[in-house]
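Engineer: Got a structure here, written out as structure tokens. Questions coming.
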Amino acid sequence: MLYSMTAFAAAKGELEGQSWSCEVRSVNSKGLDLRLRVPDWIEGLEAGLRARLSKAVTRGNVSLTLRVQSEDRGGALTLNEAALEDVLTAMAGIEARAMDRGLSLAPANAADIVGLRNVLENGGSAQDSGALCKVLLADFEGVLESFLDMRRAEGAALAQVLGAQLDEIEALTKEAAEVAVARKDEVEQSFRTALARVMEAASGADEGRVAQELAIMAVKLDVTEEIDRLHAHVGAARDLLAQGSPMGRKLDFLSQEFNREANTLCSKAQNTGLTRIGLGLKTVVDQMREQVQNVE
């Protein structure tokens, strides 16, 4: 099954005076980039969420935001003596350095200090942290499944689009093969005419040497290898689609190879029909490359 790198899921929950909201969203990326914003006072929460995302997703820029709010304001606030001592020591050091440089700092008040992180703590936070972490991780399983469902649904739509584009590339490649066969007689006749003109204009020219040069030119204009490779790339791309994600990087590489063969076909064309087909191939391949950027 194909997975898209674009998805979104959100949920809310509450339990015993705690409420929370969770959002997960992802966009395309060359690799896996997890960005988590979660309460740092809930021990083990970020590690647990990161482990679950890393197991479920292999590619994409994934952002997770989890906010927790305490509805119960009855818990007593306590002063964290160690944190307070660290803050006061740091403040003394800052003031000393400022004085050495002749700078005067505005005095801090108690409200400024207690507003700093970890100086005041809710008396129940540490006690409830472990239990709350388990609840949040269990609740996240539903959010993650909704997130993956959207990636699967988007991936199924991508698979249909890519399949249709491969059908079009295959049809154009078959048409190119037919035009190339019809063009063969035209190219041969053109070279015979060119050889006759050269021999007529250049007296004493080595007919064998001139014919050899024209033969080399004919080989350079042959598009058989490009057509064979295009057919092979179509087969390989269909195998990757059947294999399912993760395969976005491989499909991206193949789309670059498609583009390379289409460019070469255009440069060798020397024929209006073949040029038209080559340009058509380039258009479809460019469209396919845009879609491939979203495949996990």
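The values are calculated or read from the model by the stated rules, or taken from the named source; none is laboratory data. Here the structure is a predicted model, which is why all the values come from computation and not from measurement. Glycine also receives a Cβ, built like all others from the backbone with ideal geometry; neighbour counts cover every protein chain displayed.
Engineer: Looking only at segment 11-24, which residues are under 30 Å from Gln291 (Cα atoms) and either out of contact with any helix residue (DSSP H, G or I) (no Cβ under 7 Å at 6 or more places or on another chain) or in a loop (DSSP other than H, G, I, E, B) (or both)?
Structural biologist: Glu23
Engineer: Taking the criterion of being closer than 19 Å to Ser146 by Cα, assigned to a strand (DSSP E or B) and touching a strand residue (DSSP E or B) at 6+ places or on another chain (Cβ under 8 Å), would at least one residue in segment 66-74 satisfy it? Step through it out loud before you land on a result.
Structural biologist: Pass one, segment 66-74, residues closer than 19 Å to Ser146 by Cα: 66-67.
The next check asks that each one be assigned to a strand (DSSP E or B); those that pass are 66-67.
Now narrow it down to the ones that are touching a strand residue (DSSP E or B) at 6+ places or on another chain (Cβ under 8 Å): 66-67.
Yes, there is a match, as at least one residue in segment 66-74 is closer than 19 Å to Ser146 by Cα, assigned to a strand (DSSP E or B) and touching a strand residue (DSSP E or B) at 6+ places or on another chain (Cβ under 8 Å).
Engineer: For segment 211-240, give me the residue count where each residue is among the aliphatic types (A, V, I, L, M), closer than 16 Å to Cys266 by Cβ and modelled with pLDDT of 90 or more.
Structural biologist: The qualifying residues number 2.
The rows are residues; the columns are (1) surrounded by 11 or more Cβ atoms within 10 Å (Cβ to Cβ); (2) farther than 29 Å from Met247 by Cβ; (3) aromatic (Phe, Trp, Tyr).
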| position | (1), (2), (3) |
| --- | --- |
| Phe8 | yes, no, yes |
| Trp20 | yes, yes, yes |
| Asp33 | yes, no, no |
| Gly44 | yes, yes, no |
| Arg50 | yes, no, no |
| Thr78 | yes, yes, no |
| Arg101 | no, yes, no |
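Engineer: Let me ask something additional. Residues of segment 151-177 being farther than 20 Å from Val285 by Cβ and surrounded by fewer than 19 Cβ atoms within 10 Å (Cβ to Cβ), which ones?
Structural biologist: Arg152, Ala153, Ala156
Engineer: Take Val285 and decide whether it is modelled with pLDDT of 95 or more and among the β-branched types (Val, Ile, Thr). First the steps, then the outcome.
Structural biologist: Numbers: modelled with pLDDT of 95 or more: yes; among the β-branched types (Val, Ile, Thr): yes.
Taking the combined requirement at face value, the residue satisfies it.
Engineer: Sticking with this structure for a sec: Since Glu141 meets every condition but one in (1) under 27 Å from Leu15 (Cα atoms); (2) modelled with pLDDT under 90, which condition does it not meet?
Structural biologist: Unmet for Glu141, out of (1) under 27 Å from Leu15 (Cα atoms); (2) modelled with pLDDT under 90: (2).
Engineer: Filter segment 60-76 for residues that are aliphatic (A, V, I, L, M) and at pLDDT 90 or above; which is surrounded by the fewest Cβ atoms within 10 Å (Cβ to Cβ)?
Structural biologist: Val68
Engineer: Report, ordered by the first and then the second residue, all pairs with beta carbons closer than 6 Å, sequence separation of six or more or different chains, a first member in segment 42-54 that is on the phi < 0 side of the Ramachandran plot, and a second member that is polar (S, T, N, Q).
Structural biologist: Taking only residues 6 or more apart or on different chains, the pairs are Ile42/Ser129; Glu43/Ser129.
Engineer: Looking at (1) at pLDDT 95 or above; (2) within 29 Å of Met1 (Cβ to Cβ), which one does Gly280 not meet, given that it meets all the others?
Structural biologist: It is condition (2) that Gly280 fails.
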